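Report on one structure; see the data block that follows.
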Amino acid sequence: MKYYILVVIIFVIAITFIIMNLIYRFNFNYKIERYLLNCDLLEQEVLKTFIKNKNQTFPLTNQSPITQKFLNLNILTKIKNDDVNPAHGIYLLNANIFDLVIKNNKLKKIYLEN
C-alpha cells in the first residue's frame, strides 16, 4: 500500500511539471509572438538580420536599449563578453524564436520573405 501511494504522488508531481511546462511555453510563445508582430521598424530589421543568419554570432553593445530588450524577452542569448571591446558582448539568436517564426505565417511573411 505504501508503494502505491508513493507511485501516485510521483505521478501527480510529474503531471504537474508537464502542465506547468506547457503553460510556460504557451505564455512565452504568446508574449514573443505579440512582440514580434508589434515591434518598431528598426527592431524588425535587426531581427530579420538575426533570423536570416540564425547560426551566426553577433557582437552587440551591452547597454543598447534594443539589446537589453532582446535579452529580457529571451530573443538573444549572450555567449560571452567581447575580448577586444569590453562594452560589447557576443550574442546568438534563441533557437525557439526561429522555430516560432517558421510556424507562424504572419511572422514568416514579415521576417523571412522580405
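Computed from the coordinates by the stated procedures, all read-outs in this text should not be read as laboratory data. As the structure is a computational prediction, the values presented were derived from the model and not from experiment. When we count neighbours, we look across all protein chains shown, and the Cβ atoms used for this are built from the backbone with ideal geometry, even at glycine.
For segment 65-92, a residue qualifies if it is touching a residue at least 24 places away in the same chain (Cβ under 8 Å), loosely packed, with under 13 Cβ neighbours inside 10 Å and touching a strand residue (DSSP E or B) at 6+ places or on another chain (Cβ under 7 Å), and exactly one does: ALA87. Of the residues screened, LYS31 is not one that is surrounded by 13 or more Cβ atoms within 10 Å (Cβ to Cβ), of a type in the set (D, E, K, R) and either on the phi > 0 side of the Ramachandran plot or within 17 Å of the chain's Cα centre (by Cα) (or both). Could you list, in sequence order, the residues of segment 8-64 that are charged (D, E, K, R), within 20 Å of TYR91 (Cα to Cα) and touching a residue at least 40 places away in the same chain (Cβ under 8 Å)? Within segment 8-64, LYS48, LYS52, LYS54 qualify. No other residue among LEU42, LEU92, LEU100 is closer than 21 Å to TYR111 by Cα, touching a Phe, Trp or Tyr at 6+ places or on another chain (Cβ under 8 Å) and aliphatic (A, V, I, L, M) apart from LEU92. The test for being among the small types (Gly, Ala, Ser) and in contact with a strand residue (DSSP E or B) (Cβ under 7 Å, 6 or more places away or on another chain) does not hold for ALA95.
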